[in-house]
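The values are calculated or read from the model by the stated rules, or taken from the named source; none is laboratory data. The structure displayed is predicted, hence computed values, not measured ones. In this analysis, Cβ positions are derived from the backbone assuming ideal geometry, glycine residues included, and neighbour counts consider all displayed protein chains.
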Amino acid sequence: MSNKISKILTPQEELELRKPFETKLGEIQQVVDKLREDGTFKVIEYTEEIEAVKRDKIYSKQEKEQRLTDLKAKLAQAKKVEENNKQAVADNVAKGEAYLKEHYNEYYDAVVASCKLEKQQARQAYDAKVAELNNEHKNNLAKLKDSAEIKEEKYIQKNRLFDAKMEYQKNLQNIKDRQHNAFDYRYHLIDLLKMGNFSFAENLAQRKENYVYTFNTRDFLLRNGLYIAIIIVFIGLCIITPIVKNGLQLLTLNNVLNILQQASPRMFLALGVAGLILLAGTDLSVGRMVGMGMTVATIIMHQGINTGSVFGHIFDFTGLPVIVRVFFALLMCVLLCTVFTTIAGFFTAKFKMHPFISTMANMLVIFGLVTYSTKGVSFGAIEPSIPKMIIPKVGGFPTIILWAIAAVVVVWFIWNKTTFGKNLYAVGGNSEAASVSGISVLKVTVGAFVLAGVLYGFGSWLECIRMVGSGSAAYGQGWEMDAIAACVVGGVSFTGGIGKISGVVVGVFIFTALTYSLTILGIDTNLQFVFSGIIILVAVTLDCLKYVRKK
């Protein structure tokens, strides 16, 4: 096979270039299939039969046991044959792969060269067609005097140019498909030999090719344009900060750890809100949940007798062991937050109330109750030993980050590996269709709110420990916006049914890092809200553009 081919190949010529592979690999494939006939193929057959018998209900218990015993005996024999032929199969597969490695690029390079020439030819044809149309249009306009006819001719010319461009793009796509198919053919042959057991390098090569093949600039910018812009902003901040702050570096290990530490409690809140946004909802009460949780946790874990009162009663938990107070505080935070989110979830699901209304009502009720009961005072600090007990720093590393990682893992598992998670996506995508398919929309909706309440409880408890107390009703104001914004920036769509945990994590880090960076730079807190608002607006705009394009 010559590697000097540098012309446009006809389909027949390309098939001729493939023939040696079909012949050589076909011979090897026959040998491999013969070796697998009584081994691997039978293992697959008997394994499937065993699973089918286990599911089948037409057999009696005795018949099923007998049938399974016979199949397991045959399976054991097939596995023995498979093991005996394993080396011979591996040797033949290696022979086939070696042949492909040695000769396949001769064919593939010829196709690539052909495609390159085809692109040039397609471009020349398109340019010639455009020139012809423009010349024809110019001549037509010279003959026309009536303004209506001139307008019509311009409209027709626009359509002609559009058709020419569509034809050109169609040709380019066909050329792209041809080159991709030539690449893919190699892995088709390998797939037959190895029965889909590709190596890591082979899988990586296919993913890279598929990414390049399906890459679309517009889609890429819609998905990642905001991230690119934010990265540019961070780079700018990293450059500006040392200049403005007399050499103070922004991107240091200590700053990164501080950002992760601050982001950890917020991660719980964002994960909770994300589940509600996945249902095409939201939660405006997150900040007030944090304030309530912080207040409750501070009262229970307070250093000494509380100086503030609740409905006129001063609590004293100093008689309890510290560790008991810590987990009692966690229990109360989770319990109270879950009670309120469940109420909002019930009204949302039962009465088709928009979450905006039900959670806004929660926000007002919580803030009113906590402020009235505590007179709006701060309850001071918690026992100083508690942070060292629950979120100690090990070698300078803040272990509060591990709590956030655990939350991410648990919620990821719930979303992706449980029936509830699948139902969550289904209800968020189309609640009516989900209901028709037998999914309880009420249970899923209330379940999402309950999960959010548990996460809010954990988040407020962790924040209390991180801040060593200082709980008050006003704490957490505006945090709902940060949580919602993190989800939106992370790709959790307000249209419902679209979102990933990884996106939520990225969103939380982006907003925490942005706030931290602007604070170090000395930007006024009020101006930071402006930055956050712009980011939210851009994120939602990009999300809407993606949705409109799908429609």
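Of all residues in the range 456-494, those satisfying the criterion of being at pLDDT below 85 and of a type in the set (S, T, N, Q) are Ser470, Ser472. The set of residues from the range 311-356 being closer than 15 Å to Thr445 by Cα and without any contact (Cβ under 8 Å) to a residue 40 or more places away in the chain comprises Ile343, Phe347, Phe351, Lys352, Met353. Determine if the range 423-430 includes at least one residue that is outside any helix (DSSP H, G or I) and either within 21 Å of the chain's Cα centre (by Cα) or farther than 20 Å from Leu336 by Cα (or both). Yes. Against the test of being in a helix (DSSP H, G or I), surrounded by 13 or more Cβ atoms within 10 Å (Cβ to Cβ), assigned by TED's automatic domain parsing to the domain that holds Leu25 and touching a Gly at 6+ places or on another chain (Cβ under 9 Å), the options Lys74, Lys42, Lys86, Lys64 yield a single qualifying residue, Lys86. Among all positions in the range 328-346, there is no residue which is in the same structural domain as Met467 (by TED's automatic domain parsing), in contact with a His (Cβ under 7 Å, 6 or more places away or on another chain) and at negative phi.
Of the numbered criteria (1) part of a loop (DSSP other than H, G, I, E, B); (2) touching a Cys at 6+ places or on another chain (Cβ under 9 Å), the one Phe317 fails is (2).
With respect to being loosely packed, with under 10 Cβ neighbours inside 10 Å and at pLDDT 90 or above, Ala182 falls outside the description. Just to be sure before I move on: is Gly368 surrounded by fewer than 17 Cβ atoms within 10 Å (Cβ to Cβ), of a type outside the set (A, V, I, L, M, F, W, C) and not in a helix (DSSP H, G or I) in the structure I sent? When the stated conditions are applied, Gly368 does not pass them. Tell me, please, whether a residue that is part of a helix (DSSP H, G or I) and aromatic (Phe, Trp, Tyr) can be found in the range 379-391. No: zero hits. Taking every residue in the range 120-140 that is closer than 24 Å to Asn174 by Cα and pairing it with any residue that is among the polar types (S, T, N, Q) and surrounded by 14 or more Cβ atoms within 10 Å (Cβ to Cβ), at least 6 positions away or on another chain, the pairs with Cβ-Cβ distances below 6 Å are Ala122/Asn171.
Flag set for Lys145, criterion: farther than 30 Å from Lys7 by Cβ, free of Cβ contacts under 8 Å to residues at least 24 places away in the same chain and not in a helix (DSSP H, G or I).
With the condition kept exactly as written, say whether any residue in the range 510-522 is without any contact (Cβ under 8 Å) to a residue 60 or more places away in the chain, in contact with a Ser or Thr (Cβ under 9 Å, 6 or more places away or on another chain) and surrounded by fewer than 16 Cβ atoms within 10 Å (Cβ to Cβ). There is at least one residue in the range 510-522 that is without any contact (Cβ under 8 Å) to a residue 60 or more places away in the chain, in contact with a Ser or Thr (Cβ under 9 Å, 6 or more places away or on another chain) and surrounded by fewer than 16 Cβ atoms within 10 Å (Cβ to Cβ).
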